[in-house]
Amino acid sequence: MHRKYKDYDLSKIKNAKKKSVKKSFSLDSLIATFFFVGYLPFAQGTFGSLAAYPIYYYILTHNNFEGFIRWMWITIAVLTIVGWWATKKYQDRTLTFDHKSIVIDEVIGMLITLTISFNWLYVITKWLDVLIDMQTGNLIFFAGFVAFRYFDISKPLIV
């Protein structure tokens, strides 16, 4: 017996992920698609990951290291709670499951990656600083972005 997600059969999960959805400008859509980035016609996950940059950069430029880590975790917690609510509501309304337009998880994943690996990324970017002429904070984001997208796309067993 297959579980039903409202009126949609989750045994056809591939269809639920790719189902076309009508663009909606409701609060849950705004949050689940992260300001409608998820409605872009291609590479929604990549653009969703990039959409974390303004949050990261704002927190980075307005805090010292301890404040940066603290505010990143607070932001991650708030976005997780609000994103969970919005995603559930969005999926109920659109009869989808893990739809490609839902990118709030990409934003949160990027922020978690940057928070957990900030020290490590800082050390790595000091080596790359010689090769790439970029501000350290931006280089850290770029290195975290490349690593996050690699692991998000390849989904290795350990992750």
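At a Förster radius of 30 Å, what calculated FRET efficiency corresponds to the Cβ-Cβ distance of SER26 and TRP73, to the nearest 0.05? Calculated transfer efficiency: 0.60. Taking the longest Cα principal axis of the chain as reference, the axis of helix 65-94 is set at about 10 degrees.
Computed over protein heavy atoms with a 1.4 Å probe, the accessible surface of the chain works out to 63 Å² per residue. Pairs with C-alpha atoms separated by more than 24 Å, drawn from the list LYS23/LYS88; LYS89/LYS155; LYS22/LYS89; LYS23/LYS89, are LYS89/LYS155.
Near SER49: Cβ cut-off under 11 Å, other residues only, Lys/Arg at +1 and Asp/Glu at -1. The net charge is -2.
Working from Cα pairs under 8 Å separated by at least six residues, relative contact order for the range 37-148 is 34 percent.
Only helical runs count toward this figure. For the chain, summing -39,500 (n - 2.57) over DSSP H runs of n ≥ 4 and dividing by all residues gives -20000 deg cm²/dmol at 222 nm. Among ASP92, ASP129, ASP105, which one shows the highest mean-square fluctuation when the chain is modelled as a Gaussian network with alpha-carbon springs under 10 Å? Looking only at ASP92, ASP129, ASP105, the largest GNM fluctuation is found for ASP129.
Given +1 at the Cβ of Lys and Arg, -1 at the Cβ of Asp and Glu and no other charges, the dipole of the range 38-159 around its Cα centre is 260 debye to the nearest 20. Solvent exposure of SER24, expressed as accessible area, is near 20 Å², computed with a probe of 1.4 Å over the protein chains only.
The values are calculated or read from the model by the stated rules, or taken from the named source; none is laboratory data. Computed from a prediction, not measured in an experiment: that's the story for all the values here. Quick reminder, even Gly has a Cβ in these numbers, built from the backbone with ideal geometry, and neighbours come from all protein chains shown. The accessibility values were calculated without ligands, DNA or RNA, using every heavy atom of the protein model including side chains. Shrake-Rupley method; radii C 1.70, N 1.55, O 1.52, S 1.80 Å.
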